[in-house]
Amino acid sequence: MVISREKVIPLIDIKIDGERVEQVANFTYLGHWITKNGRSDQEVKRRIGMAKNTFLRMSKLLTNRRISFATRSRLTKCYVWSVFLYACETWTLNASLERNIEAREMWLYRRMARISWKEKKKSKEVLEEIGLKHTELLKSKNQTARVLRAHTTSLKSPENLYGGKDQREETA
C-alpha cells in the first residue's frame with residue numbers, strides 16, 4: 001500500500017519468495033482502518049458506527065431510568081466511548097468531522113435521557129437537563145492525544161522522565 005495525496009497512486013512491485021505482494025487501497029491494522037490517502041474520515045465514521053452499535057446492544061441498560069444517569073454515563077464511557085476513541089490519537093479532524101462527532105454524542109445523550117427529537121430541544125437544553133456544561137468526546141480525544149504526546153516526549157527525553165536530570169548517569 002502506498003499512502004499519498006496524489007490522485008494517481010503509483011504501483012509497487014514487491015516480491016517475497018518470488019511471489020508478488022498484492023497492492024491494496026485500504027486495510028485494517030491493529031483494529032485501525034488505514035486508507036490510501038492517509039485521512040481519518042472513514043475511520044472516524046467507522047468508529048461512530050461501532051460505538052452506536054455498542055450503544056444499541058446495551059440500550060436497555062443505558063436507557064433504564066431505574067439506574068442513575070451518573071451510573072449510566074460511566075457505563076457509557078466505559079463501553080461505548082472506549083470503542084469510539086480507540087486509536088483516536090492518530091486522527092486528523094476537520095470542522096465537519098468535529099460536528100459529526102458532537103452530533104453523535106448528542107444523539108447518545110438524547111437516547112440515554114429519552115428525549116425525542118420531536119421535542120425540538122436544543123443541544124444546550126439537553127446538556128443542562130442531564131447536568132453537563134459541554135460535550136465531552138472531543139475533549140476526551142484531545143486529552144488522550146495530549147497524554148500520549150507527553151508520554152512519548154518523556155520517553156525520548158531523560159530530562160523530562162527523571163525530573164530535570166539524567167539519573168541514569170548517576171547510577172552508573
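The values are calculated or read from the model by the stated rules, or taken from the named source; none is laboratory data. Remember, predicted model here, so these are calculated numbers, not experimental data. Note that each Cβ is placed from the backbone with ideal geometry, even for glycine, and that neighbours are counted across all protein chains shown.
Of everything in the range 7-27, what is under 27 Å from the mean Cα position of the chain (by Cα) and among the aliphatic types (A, V, I, L, M)? Give them in sequence order.
Just the residues of the range 7-27 that are under 27 Å from the mean Cα position of the chain (by Cα), to begin with: 24-27.
Across the range 7-27, the qualifying residues are 24, 25.
This table checks each residue for (1) modelled with pLDDT of 85 or more; (2) hydroxyl-bearing (Ser, Thr, Tyr).
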| site | (1), (2) |
| --- | --- |
| 23 | no, no |
| 30 | no, no |
| 54 | yes, yes |
| 64 | yes, no |
| 100 | yes, no |
| 106 | yes, no |
Quiz item: For the range 86-97, does any single residue satisfy the condition of being modelled with pLDDT of 85 or more and either among the basic types (Lys, Arg) or within 25 Å of residue 128 (Cβ to Cβ) (or both)?
Solution: yes
Quiz item: Going by the conditions given, is residue 6 closer than 22 Å to residue 139 by Cβ, of a type in the set (D, E, K, R) and modelled with pLDDT under 90?
Solution: no
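For the range 113-137, name all the residues that are among the hydrophobic types (A, V, I, L, M, F, W, C) and outside any helix (DSSP H, G or I). Spell out the reasoning first.
Keep residues of the range 113-137 that are among the hydrophobic types (A, V, I, L, M, F, W, C), which gives 113, 115, 117, 126-127, 130, 132, 137.
Residues satisfying the conditions are 115, 132.
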Practice problem: Give, as residue ranges, the helices (runs of 4 or more DSSP H) completely inside the range 1-112 that count at least 2 residues that are surrounded by 15 or more Cβ atoms within 10 Å (Cβ to Cβ). | Solution: 41-57, 69-76
